[in-house]
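As structure tokens, the structure follows; a few thoughts come after it.
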Amino acid sequence: MSVDLTTTYLGLKLAHPIVPSASPITGKLDVLERLQDAGAPAVVLPSLFEEQITHDEEEMQRLAEFAADSFAEATFGYFPEMQDYNTGPSSYLKLVEGAKTTLDIPVIASLNGSSVAGWIDYAKRIQNAGADALELNVYYVPANPQESGAEVEERYLDLVSACRESITIPMAVKIGPYFSSVINMVNRIVAAGANGVVLFNRYLMPDIDLDTLEITPALKLSDPSELRLPLRWIALIRGKVPTSIALTSGVHAATDAIKAVLAGADAAMTTSALLRHGPEYLTTIIEGFRAWLEENEYTSVEQAKGSLSEEAAPNPEAFSRANYMKALVSYTGTPI
Ligand SMILES: Cc1cc2nc3c(=O)[nH]c(=O)nc-3n(C[C@H](O)[C@H](O)[C@H](O)COP(=O)(O)O)c2cc1C
């Protein structure tokens, strides 16, 4: 019996839910082709960062001022338009265009930032470059003691609304887990115009190097235990907020992707596993995913999707405080 693996994410019909998420592995056309050949149903390109765009514009400003000083005839129109300036952002637009020309699968571009400002114009440019959808990664570290949680949330919502106003393609918003009420936040992000959410951003925790006494960025690839955090929240959100949901963090094997779908994810995204094992490893995950569904007599991904969400689970209390108490009490390790 063959199982129908198709899923709908952001209104895009995908061959199956296992999608390579944003990272350097999706940043080169030849590797994107390898991912497609390995069975990717869509790809999320690496992010274009607010800082790259802002830096680009500042650089242009400096050049324009320099030119105005140097050439009496320089006028506002003397220099080429910002969008023609060939640095990071314009290379990014070329990547989007190239991916669209080279691939047959949907291409999801990614913008990454935290403040409402001119850089958001790139959402429109990315749309014009042909992206099928946009992932807006709001990566914000609230370090100002004067800024309240409500203000931080408004910042997110303003960004989502600003982006929504400038594009018509589907938009997903990638966020971290650090909200007092994650489900309420997802609900408001959707009300502000998102078609989906990507849960969760991994915040990269800096480390301290004791030899040099320096702060080090310490980028570590994920491990499968990180799946549990998005798994729980997706299980709680599915059915309560009408939106597409992608899980990111901790999908290393077919079984992780199965869990994501059972919890209620429309897409199970993976990066660290592909960075570790190479693009072709995607086929192993997809084949294992198919085999598990077949062995367990599912006829489709849709049938499995959300069947263990809080709404549908036979024991919904597993996601709540009751389970926390049970888990603590059931610990059987030997006390030290
Ligand atoms: C080296 C590296 C680069 C990444 N670059 C981006 C990026 O540009 N934009 C983004 O939204 N996420 C980025 N991510 C995060 C991944 O898309 C993904 O959300 C995260 O790694 C968790 O998934 P995983 O457990 O499958 O690795 C990056 C991750 C890694 C490891």
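The values are calculated or read from the model by the stated rules, or taken from the named source; none is laboratory data. Keep in mind that what you see is a predicted model, and the values were worked out from it rather than measured. Positions of Cβ are backbone-derived with ideal geometry, glycine not excepted, and every protein chain shown enters the neighbour counts. Only protein heavy atoms, including side chains, enter the accessible area calculation; ligands, DNA and RNA are left aside. Shrake-Rupley method; radii C 1.70, N 1.55, O 1.52, S 1.80 Å.
Structural remarks
- Members of region 284-306 found to be in a helix (DSSP H, G or I), touching a residue at least 40 places away in the same chain (Cβ under 8 Å) and away from the ligand (no atom under 16 Å from the Cβ), listed by number: Arg290, Leu293, Glu294, Val301, Glu302, Ala304
- Filtered by the rule that a residue be open to solvent by 20 Å² or more (accessible area, probe 1.4 Å), aliphatic (A, V, I, L, M) and either part of a loop (DSSP other than H, G, I, E, B) or under 30 Å from Arg290 (Cβ atoms) (or both), region 203-228 gives Leu204, Met205, Leu210, Leu213, Ala218, Leu219, Leu221.
- Restricting region 108-137 to residues that are away from the ligand (no atom under 13 Å from the Cβ) and in a loop (DSSP other than H, G, I, E, B), the residue that is most open to solvent (accessible area, probe 1.4 Å): Val116
- Selection status of Gly193, at pLDDT 95 or above and at positive phi: yes
- Those residues of region 181-202 which are open to solvent by less than 20 Å² (accessible area, probe 1.4 Å) and assigned to a helix (DSSP H, G or I), in sequence order: Val182, Met185, Val186, Ile189
- Breaking point among (1) over 19 Å from Ala109 (Cα atoms); (2) open to solvent by less than 20 Å² (accessible area, probe 1.4 Å); (3) within 17 Å of the chain's Cα centre (by Cα), for Val152: (3)
- Residue count for region 178-206, restricted to those that are among the aromatic types (Phe, Trp, Tyr) and within 12 Å of the ligand (Cβ to nearest atom): 2
- Taken over region 307-336, the residue count meeting the criterion of being under 20 Å from Ile183 (Cα atoms), part of a loop (DSSP other than H, G, I, E, B) and of a type in the set (A, V, I, L, M, F, W, C) is 3.
- Residue count for region 207-228, restricted to those that are on the phi > 0 side of the Ramachandran plot and either within 16 Å of the ligand (Cβ to nearest atom) or under 17 Å from the mean Cα position of the chain (by Cα) (or both): 1
- Residue within region 138-145 that is closer than 26 Å to Gly27 by Cβ and away from the ligand (no atom under 16 Å from the Cβ) present: no
- Any hit, region 273-295, residues being surrounded by fewer than 19 Cβ atoms within 10 Å (Cβ to Cβ) and in contact with a strand residue (DSSP E or B) (Cβ under 6 Å, 6 or more places away or on another chain): no
- Residues in region 13-26 that are open to solvent by 30 Å² or more (accessible area, probe 1.4 Å) and either closer than 24 Å to Tyr92 by Cβ or part of a helix (DSSP H, G or I) (or both): Pro24 only.
- Residue in region 46-54 that is at pLDDT below 95, surrounded by 14 or more Cβ atoms within 10 Å (Cβ to Cβ), of a type in the set (S, T, N, Q) and part of a helix (DSSP H, G or I) present: yes
- Number of positions in region 32-45 that are in a helix (DSSP H, G or I) and more than 19 Å from the chain's Cα centre (by Cα): 3
- Top-ranked residue of region 243-252 - restricted to ones that are within 11 Å of the ligand (Cβ to nearest atom) and either assigned to a loop (DSSP other than H, G, I, E, B) or open to solvent by 50 Å² or more (accessible area, probe 1.4 Å) (or both), ranked as farthest from Ile189 (Cα to Cα): His252
- Qualifying residue in region 157-180 (condition: open to solvent by 70 Å² or more (accessible area, probe 1.4 Å), more than 25 Å from Leu12 (Cα to Cα), free of Cβ contacts under 8 Å to residues at least 60 places away in the same chain and not aromatic (Phe, Trp, Tyr)): yes
- Of all the residues in region 229-242, those that are within 12 Å of the ligand (Cβ to nearest atom) and open to solvent by 40 Å² or more (accessible area, probe 1.4 Å) number 1.
- Of all residues making up region 228-280, the number that are under 21 Å from Lys13 (Cβ atoms) and not hydrophobic (A, V, I, L, M, F, W, C): 8
- Scanning region 298-309 for residues that are open to solvent by 50 Å² or more (accessible area, probe 1.4 Å) and of a type outside the set (Ser, Thr, Tyr) yields Glu302, Gln303, Leu308.
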